[in-house]
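Below: one structure, written as structure tokens.
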Amino acid sequence: MMKCKFKILLIAAIVLSLACTTKVSEWFLLNAAPDNYLLVYYHKDPIPESIEKNHVELEQENISANVIFKPILKASIDKPYYALYYKNRLFSTYHDFKSVEKLFVSPVRNKIAEELLAGKLCALVFLKSGNDAKDNEYLQVVNNTIAASPFSEIVKVIEIDRESGQEQDFISMLLNVEHDLKDINEPMLFGVFGRFRVLEPLLAKGISKENINLLLGFLTADCSCLIKDNLPGINILCRNQWLDPKQALVNNILDTPQ
């Protein structure tokens, strides 16, 4: 399915290439503000002063994150809780403040944001399944494909163990890129570009040289209104202002005769 979307958008990019010579990855980093998440605190009683203080600190510390925070009175609940939404779709629920403190930042998200702001084309996040033989097989495909690509120096491959404690919130967001991913225990490869836009993943046998190159071809294509209006994937919640990105390194490669 992802392969088909890439092909359709690539054809559109070729047809409309005269409209814009800025590449897809660069245009979305420079121009496309990330979609906001909504973090709701549901409560049925007056909010205690200590919780109010926590919420103020949470908003102040994460003022650059793509999130809107809102307390909502809900008489039908037994206990207060937090709920994270993206475009009216419920992603996760959390039963105490401690659980939401680290929603906005993690080591891998920090690393990916650094790479994108440094001018890299994208990050390829390889989410392991826990089956070592299968993970190693498909990770080898990824590494071999990138090594053979003219864009090898500007693509960062990042591996994540599915049980990583530090990255559970990030992993949960990745598995919400599509509705049914949480029920699929297979290796997954996510393309991340722009201001933390994540494309629908390649799964297991879909992690192939052809599909990876289609993904890279999409990100290095000339941008167009059709691509902007029909961009697949979702934004990830991330605390980053996306200021002063370096010049896109892809342009040097594309401008150099092969």
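Restricting to the stretch 149-183, what's the tally of residues that are under 18 Å from Asn211 (Cβ atoms) and free of Cβ contacts under 8 Å to residues at least 12 places away in the same chain? Residues meeting the conditions: 1.
Looking at the stretch 56-74 only, could you name the residues that are without any contact (Cβ under 8 Å) to a residue 40 or more places away in the chain and either over 11 Å from Phe104 (Cβ atoms) or not charged (D, E, K, R) (or both)? Passing the criteria: Val56, Glu57, Gln60, Ile63, Ile68, Phe69, Lys70, Pro71, Ile72, Leu73, Lys74. For Ser208, the criteria (1) of a type outside the set (D, E, K, R); (2) free of Cβ contacts under 8 Å to residues at least 60 places away in the same chain; (3) within 18 Å of Ser129 (Cα to Cα) hold in every case but one, which is (2).
Readers should treat all values here as calculations from the given coordinates under stated rules, not as data from a laboratory. Keep in mind it's a predicted model, so treat the numbers as computed, not measured. Heads up, the Cβs are rebuilt from the backbone with ideal geometry, glycines too, and the neighbour counts pull from every protein chain shown.
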